[in-house]
1. Straight-line reach from LYS122: which aspartates and glutamates fall under 16 Å, measuring Cα to Cα and dropping same-chain residues less than 8 apart?
2. Measuring from a point 7 Å past the Cα of SER93 along Cα-to-C-beta, which residues in the stretch 103-145 have an amide N at less than 20 Å?
3. Karplus couplings for the stretch 65-76 from phi (6.51 cos²θ - 1.76 cosθ + 1.60, θ = phi - 60°), rounded to Hz, Gly and Pro as x?
4. Each residue of the stretch 36-46 in turn: what ³J(HN,Hα) in whole Hz from Karplus with 6.51, -1.76, 1.60 and θ = phi - 60°, glycine and Pro shown as x?
5. Can you tell me how the stretch 74-129 classifies by the Cα gyration tensor, rounded, prolate or oblate, using a/c under 1.5 as the rounded cut?
6. Please give the Cα centre distance for the stretch 84-104 versus the stretch 46-74, rounded to the nearest Å.
7. Under a 5 Å amide H to amide H cut-off, with H placed in plane at 1.01 Å, what residues pair with THR31 once short-range neighbours are removed?
8. Can you compute 3J(HN,Hα) from phi for each residue in the stretch 92-100, using the Karplus curve 6.51 cos²θ - 1.76 cosθ + 1.60 with θ = phi - 60°, rounded to whole Hz and x for Gly and Pro?
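No lab work stands behind these numbers, since they all come straight from the coordinates. Values in this document were obtained by computation on a predicted structure and should not be read as measured data. Please note: Cβ atoms are built from the backbone with ideal geometry, for glycine as well, and neighbour counts cover all protein chains shown.
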Amino acid sequence: MRRAALICICGAAIGLLAAGAASSASLSKATVQTRNIKGLGTVLVNSRGDTLYMFVPDKRKRVTCKGSCAAVWPPLKLKAGQKATAGGAARKSLLGSDKDPSGGRVVTYAGWPLYTYVGDGKPGQANGQGLDSTGGYWYVLSPAGKVIKKKP
């Protein structure tokens with residue numbers, strides 16, 4: 001009986017480890033793709049479908065969201081040697097990257113560094129749209145790289 005319970009526990013632990021590895025792999029993709037969000041139209045999202053935002057103080061140049069700001073608005077980061085990829089209606093020609101003050105590089109689109117928002121509980125939400133938070137306003141971007149300022 002103990003042996004069967006131990007095998008069951010070990011199997012569950014291996015399953016959790018495998019699920020964690022798969023989850024990290026999907027988070028490590030620096031893919032910018034598109035999704036239609038009610039009230040906003042087609043906007044940029046990451047590989048999991050999480051809405052991507054731009055931060056007005058970045059002024060289409062540099063990452064300025066760091067420290068406690070980046071804890072609320074995590075940047076879409078590149079791993080060493082990785083390049084961002086485009087999917088859906090996102091344009092590869094508008095992809096780039098900028099140095100992250102906390103280390104590494106952040107994916108940019110039409111010059112805007114890209115961030116997710118911890119207040120979006122699931123893919124397809126845009127709770128950060130139009131928020132004045134951590135020193136400036138946050139908006140979604142269209143596949144053409146235009147800032148969308150309307151509320152959903």
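1. Result set, ordered by chain and number: ASP50.
2. Backbone N within reach: 108-113, 141-145.
3. So the Karplus estimates, Gly and Pro as x, are 8, 9, x, 5, 4, 5, 6, 8, 10, x, x, 7 Hz.
4. 8, 10, 3, x, 10, x, 7, 10, 7, 9, 8
5. On the way: a/c = 2.00, a/b = 1.26, b/c = 1.58.
Cα axes put the stretch 74-129 in the oblate bin.
6. 12
7. Distant-sequence amide H within range of THR31: SER47, THR85.
8. 4, 5, 9, 7, x, 8, 9, 5, 8
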